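Down below is the structure, laid out as structure tokens.
Nothing in this text is a laboratory measurement; each read-out follows from the coordinates by a stated rule. Because the structure is predicted, anything quoted here is derived from the model rather than measured. Cβ: placed from backbone, ideal geometry, glycine included. Neighbour counts: every protein chain shown.
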Amino acid sequence: MNRRNVLKTLAIVSGGSIILPQWMVSCGVSDSTIHHTSFSAAEQRILAGVTDTIIPAGDSIGALSVGVDKFLQKLFDDCYKKEIRDNVKTQLKNLEESATTTHKTSFADCTQKDREKLLLKVGGSVDQLEKDFFDLVKSETIRGFNTSQKVMTEYLGYKVVPGHYYGCIDVNPPNHA
């Protein structure tokens, strides 16, 4: 085996693995552009309204500012069965219809209080599919918000490694006399 060819190949692979992520970012390739969601634009807008209703921005950050709506789309597309995803889409459509008949406007365009009333009505429904939708979206919204990088690092004080690692310290062996 020729050592020079091996070292040259190793240098090219190492350099490529370092440059590739920067190149992808500079070209505008990101996870949001790669992930093709099964949710339509209208469903995405309603889902964004639901997450904004559950955790509104207020004086601080809200669910939309940390991307919980995009997290939910990816989560429902990639991690849940088709039946659950279909139920989520059906319930989003029902929310939209309910908002249109009750408030003469889209769910996303309703006021915060009107959206809260509509969601609480779904959450207190006797229909198990509606209740399952509400419980799922509420719990996953809270989980997505609490595990977002911004909330974990800036508000919850999360550190990847707790404490400081002291690598070079003097160790005094015990005297066994």
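Summary of computed values
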quantity	calculated
Computed E for ILE84/SER40 - FRET, C-beta separation, R0 22 angstrom, nearest 0.05	0.80
Matching label, volume of the Cα convex hull per residue in Å³ computed from the structure shown, candidates (1) 155; (2) 144; (3) 290	(3)
Long pairs among LYS8/LYS70; LYS138/LYS159; LYS117/LYS159; LYS82/LYS121; LYS81/LYS159, criterion Cα-Cα beyond 32 Å	LYS8/LYS70; LYS117/LYS159; LYS81/LYS159
THR105-ASN2 pseudo-label distance in nm [points 7 Å out on the Cα-to-Cβ vector]	7.2 nm
Tilt relative to the chain, helix 82-103 - C-alpha long axis, 0 to 90 degrees, to 10	50 degrees
Gain on full stretching of the segment that runs from LYS159 to THR147 - 0.36 nm per residue minus C-alpha separation	3.0 nm
Virtual spin-label span in nm between LEU120 and SER14, 7 Å along Cα→Cβ	6.2 nm
Local electrostatic count, PHE145, Cβ distance below 13 Å [Lys/Arg +1, Asp/Glu -1]	0
Those aspartates and glutamates that a straight Cα-Cα span of less than 18 Å connects to LYS113, excepting residues fewer than 8 apart in one chain	ASP52, ASP59, GLU96, GLU97
